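The values are calculated or read from the model by the stated rules, or taken from the named source; none is laboratory data. As the structure is a computational prediction, the values presented were derived from the model and not from experiment. Don't worry about glycine lacking a Cβ; one is built from the backbone with ideal geometry, like all the others, and counts go over all protein chains shown. Note: areas computed on protein heavy atoms with side chains; ligands, DNA, RNA excluded. Shrake-Rupley method; radii C 1.70, N 1.55, O 1.52, S 1.80 Å.
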Amino acid sequence: MRLQRSPALAAVLILITCVCAFYTTAAINIPLEIEQLPTITAQPPSSLIAFPFDESFPMTCEAKGNPRPEFRWTKNGQEFNHSVDPRLMKEENSGTFVIPNNGNLTEYQGTYRCYASNTLGTAVSQDVEFIVSNEPKFPKETLDPVKVDEGQPFILKCDPPTGIPPLQIYWMTISMQHIEQDERVSVGLNGDLYFSHAMEKDSRTDYCCFASFPRIRTIVQKTAMSVHVKPTIAILKRRPSLLTPPGVQSEKQLVKGDDLELECIPGGIPTPKVEWAKMGLELPDGAEVENHGKLLIIPRADQKDSGKYMCKAKNPLGEAVHYFTVTVEEPPEWVSEPRSQLSMIGTDVLIKCSARGTPEPSITWRVNGVPLKDSPAANRRIFDDTIIIRNAKASDSAVYQCEASNRHGSLLSNANIMIRNLPPMILTKDGEGYFAVESRGVTLHCNAFSSPPSTITWSKEDSSESVEGSRFKIHDNGSLEISRAEKSDAGQYTCLAKNTEGSSNIDAMLYVKDATRIVVTPEDQQILKGSEAQLSCLAEYDESFSHDFELVWEKDDIELSFNDTVNLRYFVEDSVLHIVNVSHGDQGVYRCVARTPVDQDEASALLMVLDVPDAPENLVLSEHRGRSVKLTWIPGDDHNSSITDFIIEYEENKWEMGKWRELLRVSRNQNSAVLRLHGHVEYRFRVYGVNSVGAGPPSKPTEMYRTPPAAPDKNPENIKIEGHLPHEMDINWEPLLPIEHNGPGLEYKVSYRRQDVEEEWTEHTVKRHSFVVKNTPTFVPYEIKVQTKNNQGWGPEPRIVSGYSGEDFPSTAPDDVAVEVMNSSVVKVTWTPVHKDKLRGHLGGYRINWWRLRSLVDSKKRHGDKHMLTFPGDRNHATVPGLTPFSEYSLIVMTFNGRGNGPGSHPINFKTPEGVPEKNPVFRVTDVQRHSVSLTWTPPSEPNGILTGYLLEYQLVNGTEEVGALQTIDINNPKTSKWVLRDLEPLSKYKLYLRSCTTKGCGPVVSEECTTDLETSLASVHGGISTQGWFIGLMCAIALLTLIVLIACFVNRNKGGKYSVKEKEDLHPDVESQGMNDDTFCEYSDNDEKPLKGSQHSLSREIKAGDSGDSLVDYGDEDAQFNEDGSFIGEYGPRKEKRVSAEIKAPVQTPA
C-alpha cells in the first residue's frame, strides 16, 4: 500500500525519527543469554551450479537466537521437507543439508529459501537457485553443402547449444587446424563464421564449429560443413553491406559492470573497413576495437556509457551504416537498508527500506516471513518506504523482511525489531586487570547491555565520586579511556551501569608500568657480500618484567629463529645481531622488537648488500651488416651499487681461441652497442657490468658471428728508421695483429726516397715487418711510407715519416778545451762544440775522460786509472767531481753519436789544490799505566797536501752522564807517530781522538777508548823485567832489526819502487796486531769519529774553512747523467793511483 506524502506527514516522520533515534540502537548485538529473535548467520549464494565433477552440493543455512531457532525450507515457493529425504545429508541443530552427486540431480533443480524460526519470530534467507547443468550437444543433422559464387558474401551457421557460461566458439578443420581469420573472414559474437566475399580458396569440406564450456570442462563439435565456391570469370566490385546486425538500427541492453560489445561485420569487394563513433561524444576512454575493427568493446560499462553508437563500413564504392541505442541498466542496490533495533516498550519504531536500480526496483515487505498484508497490526502503518509502529509493545517484536527486485536481481534484508525493557547486564568480566604504560593511554572496558540504554559512571578506590579531569573520558560503549597514564592512576576502579530498570557494577584493577624504550637503535647499513654485518639494539623496560622481557629480531616482518640449522649465520651477542658471511638473501629490513607483556618498542634498519653486478642476460645480435653488428642485452641486478660501465669482450677462434679481449666500453645507461669488427673473423661476444664494488661475472657468450674478408683498415704504426752501418738504412715497424689482417695474403709495400733531392719513390713488397735499404749515403734524410695489402685489396693511404740513413763516427774533436779548478776535488771543463757537419750522425752528447798523473806530495809521475763522464745533448761545458786534492791530472773531451765516439781532444793537464787529509789508517793504544797511556798511529794514506801535524784530543768518559772536558794537544811535527798522555786518573775510561792536518785544515776523526790501570804488580813486573840483562839484549836486537827494515824500504822507495794499498795493508798488520794483543782493556772504534756530548765545540774548533766539503750537489747546474750501459755517470772507479810510503820513521817521544 502506498500513501501520498504530505508536508505535515513529513514533519511527523522527522519528529518520530528523532525520538526513535534516542531510544534505539543502530546495530545491536544482544547476548544469547537474553531472549531474542532469530538471526541468519550463514546462507548459500544466490546460485549453486551442480558441476558433474563435484562430489556434493551444500545448501547452507545457519542462524542464532533464544530460544534456539528451528529450520524449514521451501522449493519453488512450496514447502520442502529435507529431513524426510534419506538421500540428503543433514546436520544436527542446523538448517544446512547436502545434496550428494549421485548422478540423478534433476529432481533437486529449483529455487530454495531457508526459514529460521523461534517463538519470537522468523528470519528468511535469500533465494538460492540450484542449477543442474545438462550436457550440451549439437543436434545430429545432415547439412547440405553451401554453394556460393566467387565474390559473394556468405555465412556458416554455428547455433551452439545452451550451457553454463562462458561460451567460447572455435572454427577448425577436421584435422584441428584453425580457420584463419582476417578482415575478410571472422567469427561473430553469435558463433557464426562470416565471409565478406567468397574466394576460390574457401572451398573445402571440413568446416567445423567447436563450442567450449570451460566451467563444465566440455567441448562439443558440430557436424562438418562443406563449402563450394564457384569461380567467376570477372569478379565485380561491390559496395559495402552489413552481414550483421540486420537493418539500420538496433537496441542493446546490458547490466552495469558487464562489458559492452557492439559488432558490425560487413560484406563487399574490396573488403570494407569498419569505423566506430558515439553520437555527439567521443568514444569512452578504455574503449577497444578488436576482430580486425569489427568489434567495439567497452569494459565494465556504466550509466555514462549509455547512448547512441554508430558503425560505418566503407570501401571505395560506398558505405553502410548501423546505429545502436545502448541502455545500461542496474540491479537493485540499497539506498537505505533496514536495520535491527532494540526499542523500549511504548516508543515509536521506524523501519526504513529503499533501493535504487534500473528499472526501478519494487519493494516487498514481510514480517516473520509472511507478507505484511497477511499479518495486520493496528499500531503499524506504511508511509512510502517506511513502516511506523506506534506505542510499541513487547508483542510487536518480530523479524521484518524487505526485498527489492527488478529484472536483473533482488536484495533481501532481515531487520530484527526487539521491544523490551531490560535492566543493565554488564558483559565485561568482573575483576579484570589492566596494565598501562606511563605516559601512554589505557582503556578500561565496561560493556553493558540494557533497554533503555544505561548511564555509565566510573569511580576509583571505593569513592562515590566519578573520575574527573581532562585525561579521563567515558565512551558511549561504557569504556573508560585514560590518556597519558601516571603512576598515581594505578588502583581499583568501579564501573556502575544504571537505567530505569535497575543497575549493575564491576571492578577493575589498573597497574601502571615504566615504558619499554629502545635506547640504542640499529642503523641502516650498506655492506659488501661475504663480510659480517652487526646491528645493535639496546632497550630499557620496567624492572618488574625482568623475567618476561624479550628482545626479538625480525627480517621483513618474519621473526628470526636462532635455534634452527637454517640460520646458523645469525646469532645475537650482547644485544648485537651478527650476520656472518652476508649474502644477497640477507638484504632487507631488520626490526628489533623489545617486548614486555604490556607494551613494546621497535626500531628498524635497512641492510643493503653490495656486490658486483650480476651477469647481463638475453644477449641478441641484430642488424647484421657484414663487418658490423648490433648487440643488445638486459642488465643484471646491480646489487645496490649503480653500474658505471658495460664491458663488451670478444673471442675469435682462429688465432687466440679461448682468450677474451675487450672490444668496447659503454656507459651505464646503454643496453646496446653497434660493434665495428675486423674482416674474415669468427666472433663470439659477452658482456659484463662494472660498479663501485668491482667487475661482475660475464654473460653467456653469443652465437658465432662470421665477418666477410675485406681490405686492411690500417697501416703499420711506430715506423722506426735506424742506421746501424754507414751505408745502410734499417726500416722497422710494428706488424699488424693477425686479427687486423681482414683476410688472407697480408703484405707490406715499403716506399722510400731522398728528402733533399727530387726523385721517384722506390718500392718493395715484403711479408716481414722490416726492410734494409743498401748503398745509401751516410746520414742523409729520407721519406718513408709503409702500406698494407691483402688478397682483397690495399689498405688506406699511408702517412709519410722521415728518417736518416746510417751514421758514421764523428770526424773531429771539440776545440778550445779549457779547465777551471773549482775547489780541491771539482773542476769545470769548457769546449767549443763540434759542428753538425762533422758529427756524421745524431748528436748523442760529449764524454770527458781523465786520469791522475801523480800526487803533488810525490814528484814521481805515475798514470792512474782512466775515468769517464757522459753528458748527453748539445752543450759546451760540464763539471767533473770526485778528484783527489793536491794532484796533477790529464783530461780529454770527445763527442759521440749513435755510431760511437769521435776522436779525443788534445790532453789538458791541470792540478788540484790542497785539501784536508784522509783518516789515519792506524790509531792504537800500546801501553796503559795508572796515570798514563801510550799511543801510536800511522800517517793518512792520502794526505791531500803537505802534512803540518796532528790534532790529539781526549776526555774522561766514566758513564754516559759523567763526561769530562775535552783536552787538546797540537802536535806540530808531521813526522810524529807516537805520544804518551800523562796525569790521567787511575782506573778511568778515556776516549781519544786523532786527526791529521794540512794548511787547509784537519781531516776526519779516528777514535780509541781505553781504561787506565791500578798500581799493581803490572808496573813492578815491568820494572823488574826492564832491569834484566836478557830483556835489554832482546830489545836491542829488535831495534837493530827494525832499523835494517827501514833502510831497505827507504832504498826501495828511492829506486821508484811502487806497491799498492794492498801491499801497504800487508805491511802494517804487525803493528796493529801488537796493539790488539796488548793486555790493556782497550777498544778500537773505527767509526766513532766525534767526541761525546758536551765536547763537540772543542773537537770542531780546528776545522778550517778550507776543509773539503765538496759534493756534486754543489754544482747543481749540471744535468743528471748516465753511462751508455745505464749506470750513473758520476760513479767513478777506485783510486788505484793512490800510493803510500812504506818508510817508517823513528818515533818521537814527547817529554813527560
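Per-structure values
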item	result
Qualifying residue in segment 162-169 (condition: farther than 30 Å from S203 by Cα and either crowded, with 18+ Cβ neighbours inside 10 Å or of a type in the set (K, R) (or both))	yes
Which numbered condition P726 misses (of (1) closer than 30 Å to Q755 by Cα; (2) outside any loop (DSSP other than H, G, I, E, B))	(2)
Any pair with Cβ under 6 angstrom, 6 or more apart, that starts in segment 840-854 at a residue that is buried (at least 17 other Cβ atoms within 10 Å of the Cβ) and ends at one that is among the aromatic types (F, W, Y) and not in a strand (DSSP E or B)	R840/F779; G841/F779
Hey, K860 in a loop (DSSP other than H, G, I, E, B) and open to solvent by 30 Å² or more (accessible area, probe 1.4 Å) or not	yes
Every residue from segment 583-595 that is assigned to a strand (DSSP E or B) and either closer than 14 Å to K555 by Cβ or open to solvent by less than 10 Å² (accessible area, probe 1.4 Å) (or both)	G588, V589, Y590, R591, C592, V593, A594
The one condition in (1) open to solvent by 80 Å² or more (accessible area, probe 1.4 Å); (2) part of a strand (DSSP E or B) that L189 fails to fulfil	(2)
Within segment 1020-1047, tally of residues that are at pLDDT below 80 and part of a helix (DSSP H, G or I)	12
Complete set of residues in segment 362-395 that are open to solvent by 40 Å² or more (accessible area, probe 1.4 Å) and among the basic types (K, R)	R366, K373, R381, R390, K393
Search result, residues across segment 341-390 that are assigned to a strand (DSSP E or B), more than 26 Å from C114 (Cα to Cα) and among the polar types (S, T, N, Q)	S343, T358
Exclusive hit being of a type in the set (G, A, S), outside any strand (DSSP E or B) and surrounded by fewer than 19 Cβ atoms within 10 Å (Cβ to Cβ), set S802, S811, S825	S811
Residue that is surrounded by the most Cβ atoms within 10 Å (Cβ to Cβ), among those in segment 668-690 that are at pLDDT below 95 and under 16 Å from the mean Cα position of the chain (by Cα)	R668
Residue match in segment 230-250 (condition: touching a Lys or Arg at 6+ places or on another chain (Cβ under 7 Å) and either within 30 Å of R407 (Cβ to Cβ) or among the hydrophobic types (A, V, I, L, M, F, W, C) (or both))	no
Segment 396-418, subset assigned to a loop (DSSP other than H, G, I, E, B) and within 27 Å of P359 (Cα to Cα), residue least open to solvent (accessible area, probe 1.4 Å)	H408
Selected residue [open to solvent by 20 Å² or more (accessible area, probe 1.4 Å), in contact with a Gly (Cβ under 8 Å, 6 or more places away or on another chain), closer than 25 Å to G841 by Cβ and in contact (Cβ under 8 Å) with a residue 24 or more places away in the chain] from P781, P777	P781
Residues of segment 195-238 satisfying the condition of being in contact (Cβ under 8 Å) with a residue 60 or more places away in the chain, part of a loop (DSSP other than H, G, I, E, B), out of contact with any Phe, Trp or Tyr (no Cβ under 7 Å at 6 or more places or on another chain) and open to solvent by less than 50 Å² (accessible area, probe 1.4 Å)	S196, H197
Given (1) among the small types (G, A, S); (2) at positive phi; (3) open to solvent by less than 50 Å² (accessible area, probe 1.4 Å); (4) out of contact with any Ser or Thr (no Cβ under 8 Å at 6 or more places or on another chain), index of the condition G268 fails	(4)
Subset of segment 292-314 [closer than 13 Å to K273 by Cβ and open to solvent by 20 Å² or more (accessible area, probe 1.4 Å)]	H292, K312, K314
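This table checks each residue for (1) in the same structural domain as E438 (by the TED database); (2) in contact with a helix residue (DSSP H, G or I) (Cβ under 8 Å, 6 or more places away or on another chain); (3) outside any strand (DSSP E or B).
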residue	(1), (2), (3)
N581	no, no, yes
P597	no, yes, yes
S604	no, no, no
L621	no, no, no
G626	no, no, yes
T632	no, no, no
G636	no, no, yes
